[in-house]
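Before any comments, here is the structure.
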Amino acid sequence: MTAPTKPPHTTPADAVPGLSRRARARDEEPGETVGAHLHAPVIDWFDEHARDLPWRRPEAGAWGVMVSEFMLQQTPVNRVLPIYEQWLARWPRPADLAAEAPGEAVRAWGRLGYPRRALRLHGAAVAITERHGGDVPSDHAQLLALPGIGEYTAAAVASFAYGRRHAVLDTNVRRVFARAVSGTQYPPNATTAAERKLARALLPDDESTAARWAAASMELGALVCTAKNESCHRCPIAASCAWRLAGKPEHEGPPRRGQTYAGTDRQVRGKLLAVLREAHAPVPQSALDRVWHEPVQRARALDGLVSDGLVEPLAGGLYRLPQG
């Protein structure tokens, strides 16, 4: 008698780190994908409650998805929306952005923060134009080979733009998995190998369903399973959530890192860049000196901008956004 074969991609529950005892017991049905009971309710919830965001519309294409993924890193949707619309109106294809100086990408980035993302997106546009004929590649390895593209962005673009089967792990997804499957309030501060293994195990076998699951679990974390004041009464998987069933135990790991801004070098860098973004000619040192009172911190921030390639120093004490 021939032994039955498992479906492709199926991972036994006892091979997956991070599963709570309840989740492990529930997923011990032979041949069943770990977390299979989560897929349908989360995807059905997403079909009903997903936000109508421009990068989710068919006309956005892979380039629109890529631009959104760069912009949404550590930046809320409401701040991204107007910049995203302006960006795509000006540069509807990678080749359009690649034809401009990198400083124009920094200028158009506005006050989204972390402006090195603008330089990286420009570099990716140049590489897409030169290596792929101006079309964002669908292959994960080719995406990962682009400058400025890490594991998360490559997986997100392949999944959201092309419907490929990849584990897409952002902060929201990691929190959903930590609570629903591992039974902890928060995930570790940095993504671990165990989290990646769990995310891969939780992927549905079907490629298109896996892509839908990636988007749905991310939206659930953004709208319902939030970092604070989670809305368990609106959650489609509350009845099986390991953390809720355990009585919502308090986080026991290292303290959650809060982000400060006022008075930091990041704030000074932002003020210096704001002057350069508004100027369409080189700016003298004296104009930059006026934006921050403390000379040592101001000089350190400016040196950092130059070192990061965000500011180009010229002869005569002048500065401008990078031109090439």
Report Rg(Cα)/(2.2 N^0.38 Å) for segment 265-320, keeping two decimals. 0.98
Distance from segment 31-83 to segment 201-252 (C-alpha centre basis), Å: 14 Å
Relative to the longest principal axis of the chain, what angle (0 to 90°, nearest 10) does the C-alpha long axis of helix 207-223 take? 70 degrees
Only helical DSSP H runs with n ≥ 4 go in: add -39500 (n - 2.57) per run for the chain, normalise by residue count and round the 222 nm mean residue ellipticity to 500 deg cm²/dmol. -14500 deg cm²/dmol
Between 228, 248, 271, which gets the highest mean-square fluctuation from a Gaussian network model of the chain, Cα cutoff 10 Å? 228
Accessible area of the chain belonging to carbon and sulfur atoms, whole % at 1.4 Å probe: 52 percent
Most fluctuating of 121, 143, 245 in the GNM of the chain (C-alpha, under 10 Å) is 245
Taking a 1.4 Å probe, which of 208, 217 shows the most accessible area, and what order do the others take after it? 208, 217
Per GNM of the chain with C-alpha springs under 10 angstrom, the most fluctuating residue out of 250, 219, 104 is 250
Taking all pairs of different Cα atoms in the chain, averaging 1/r and flipping that mean, what Kirkwood radius in angstroms comes out? 21.8 Å
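The values are calculated or read from the model by the stated rules, or taken from the named source; none is laboratory data. Since this is a predicted model, take the numbers as computed values, not measurements. Heavy atoms of the whole protein, side chains included, go into the accessibility calculation; ligands, DNA and RNA do not. Shrake-Rupley method; radii C 1.70, N 1.55, O 1.52, S 1.80 Å.
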